[in-house]
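Shown next, in structure tokens, is the structure this report addresses.
Readers should treat all values here as calculations from the given coordinates under stated rules, not as data from a laboratory. Bear in mind the structure is a predicted one, so any value in this text is a computation, not a measurement. In this analysis, Cβ positions are derived from the backbone assuming ideal geometry, glycine residues included, and neighbour counts consider all displayed protein chains.
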Amino acid sequence: MKQVVCLYNEGTDAKVAVLSKDNNGVKVHRVSSLTVSRSIISSSKKEVMVELENNVMDTDLSFDNLESVSTVDSQSRERADVELLDEALHDLKLRNMLFIPVVTEPIVNYHSYDGPRSINKKKLIQSVINDLQATKGISVTEDLVDVTEMNEKSMLGVFLEGDMPSVDLIGQLANYNKRRYLKIPTIKTAELSLAYYVSKSTKFFPEDNSLIVYIGKEYSKLIFLEGQKLKHIGSPLDIGTKNLHTYDVYFSKILLEMENGGIPKLDNIILCGEDRSENLILSFYGTFPEANVSELKFENFDSTGLNEEDQKNLALYAVPISAGIEYFDELDKTHVGVNFLPKYIQENQKFLQFGWHSYALMPFLFGAAFFFTFKTLSNFRNIKELDFEIERLNQRQIQNQALVQQITPLETRINSFDATQKIIDDASEGAGLWNKSLGKISDFAETRRNFWVSKIEPISKDEIKLTGYSLSRSVLTEFAGINKASLLKNINFEPLREKSAFSYTLNLRLQNDTTKTK
């Protein structure tokens, strides 16, 4: 569950409590007491004029000067207030937190309702609104009214009037942290939240009359219970630890409120707030000797994150802690309390803020959104198809480049084919001449058993030199005569064993049959 910040403003005193709840129970993360300026409550021009008369007597006053000076002073005071609150919540993630303003009188007003009760909550609230208008002449809207049950005979109508300083301070905190708003799920009332916590944490006999005394710095509250149910809420006392001189004023006020609420006696007195001293307890014992006087305890919480002093003084923060406990129990569906959430806060917290004319344009906005979304998706699909085509063409280009690399050496070989063919043709032609010439030499040597060739040497492309022996000189003349293209270079007599022999050297020209010798 998200952490909940409960903020309670009363006079110049502001109490802050940060709580959360999980399966292990409620944990108090942080508590803080702030002294804020009176401008956060309200200040009339009369109060400002008195202040100006005390501080700037030598200055000519006019309503223009009054407005400008009060505006500047108010802005500076508000800035100081929000800085104090921001410092109290340092290191916390505000965007993940819920803020519950806790309000009290004179912002909260109570109205006893004895009329017909409707099961429908809206109809019951409307009945209370009508009764307020008829009996007190007060007109309020539904978002500022709620009801709670007091006993079997009557119900208590609760409504808000005027500015709520805690709500304003939360709005300033949002602006200070550059956010449009901080989430406010509900607004709680101090008296009812405190009464609920005391009734939940302390068990009384059904016939017991109990008094809750909350003493603040400037104001004090008296809340009466009958058994576990709310009996009577006394008017606020304009006294507190700052201006209290004697406890007698409490006792006279308590007796007056007992008479107004029809309370015959007090069986239990629970003290909380700024003053829970032994002198106060003894004074109550002296005035109400039959009552059980005790301090309100906060023992069923995990407060290990607090320092030792704050752990001992949790009763100082009885109101904001009680508001947080009541909110958690409402979420758990174990309690139905009084809740407010004015329309201006609801509108401010909407993700989209539209007027009536904007709602008329909503179908067109959805249509435009659908059209542009469809076009965007279509374009994405086309882009994806084109990407695939580009990838396919790139692969084709890579394959073609591989083929070109294979074709290039073949092309080189093809280009050199003509020269190779010419060489082959020339070689073929020469081979034919050699074949024919050697054939003639072989045929002649075969028919003439006295003619040998011992050596054949090429002289040029179409001419060879024959070296050999013959037993007859006439055979050499005959061989030269057959081969008209031959030239007998020399004949030498060389005896060969017992026989007469002739060595010869003959140049033979290789020619086709069509070649003519001159």
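Observations on the structure shown:
- Per-pair calculated FRET efficiency, R0 = 22 Å: residue 416 and residue 455 via Cβ, rounded to 0.05: 0.05
- Using the Stokes-Einstein relation with a Kirkwood hydrodynamic radius computed over Cα pairs, the translational diffusion coefficient of region 202-297 at 10 °C and a viscosity of 1.306 mPa s comes to 119 µm²/s.
- For region 104-143, trypsin sites (Lys or Arg not before Pro) are listed when DSSP marks them as loop and at most 15 other Cβ atoms sit within 10 Å of their Cβ; the list is 117, 136.
- Set of lysines near residue 200 by C-alpha distance (under 16 Å), chain-local residues within fewer than 8 positions excluded: 229, 231, 297, 333
- Potential lengthening between residue 278 and residue 163 on full extension [0.36 nm per residue; Cα-Cα distance subtracted]: 37.7 nm
- When the pairs 15/217; 2/312; 188/253; 465/499 are compared against a 22 Å limit on Cα-Cα distance, 2/312; 188/253; 465/499 fall above it.
- Sparsely packed chymotrypsin sites (Phe, Trp or Tyr not before Pro) within region 212-276, loop by DSSP, other Cβ within 10 Å at most 12: none
- Each label was represented as a point 7 Å from its Cα along the Cα-to-Cβ direction; for residue 435 and residue 203 these points are 13.2 nm apart.
- Cross-link partners of residue 384 among lysines (Cα-Cα below 18 Å; sequence separation of 8 or more within a chain): 375
- Distance in nm between pseudo-label sites at residue 300 and residue 373 (7 Å out along the Cβ direction from Cα): 4.8 nm
- When you filter the chymotrypsin sites (Phe, Trp or Tyr not before Pro) in region 359-399 for DSSP loop state and at most 10 other Cβ atoms inside 10 Å of their Cβ, nothing is left.
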